[in-house]
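These notes are about the structure you will find just below.
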């Protein structure tokens, strides 16, 4: 897959893809006639990077994870720790957001009730 196709697939800029390669976040992409040709493994790495960024990891932390990955099986515990720590952070944020959402639901329902009550009073006055 060519770089412009990868850019569209993941909705990230071509410059970003080149930057990831430059900082060794992804392995150097194989080229055919000077044109980058992304393989499925490259796409999987990019997908992981995007997921981890959305999970709140910095590029530096993601690079550290990949460095551990490249070291092999001896680093499985360290990698699991990185993922579990980020998962805990996300779960905590989700809990807080759920509380906020519940409160907003409460306030919306309360406001709707007051609107209905006000409208009933207006109709009673007009009769």
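The values are calculated or read from the model by the stated rules, or taken from the named source; none is laboratory data. Everything numeric in this text was worked out from a predicted model, so none of it was measured. Because the Cβ atoms are built from the backbone with ideal geometry, glycine has one as well, and the counts that use them run over all protein chains shown.
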Odd one out for residue 6 among (1) at pLDDT below 95; (2) in a helix (DSSP H, G or I); (3) closer than 17 Å to residue 51 by Cβ: (1)
Cβ-Cβ under 6 Å pairs, at least 6 apart or on other chains, region 1-13 side over 10 Å from residue 46 (Cα atoms), far side at pLDDT below 95: 3/36
Verdict on residue 80 being outside the structural domain of residue 1 (by TED's automatic domain parsing) and out of contact with any strand residue (DSSP E or B) (no Cβ under 7 Å at 6 or more places or on another chain): yes
Condition broken by residue 51, with the remaining ones in (1) within 26 Å of residue 84 (Cα to Cα); (2) surrounded by fewer than 14 Cβ atoms within 10 Å (Cβ to Cβ); (3) over 17 Å from the mean Cα position of the chain (by Cα) satisfied: (3)
Residue 93 in contact with a helix residue (DSSP H, G or I) (Cβ under 8 Å, 6 or more places away or on another chain), assigned to a helix (DSSP H, G or I) and at negative phi: no
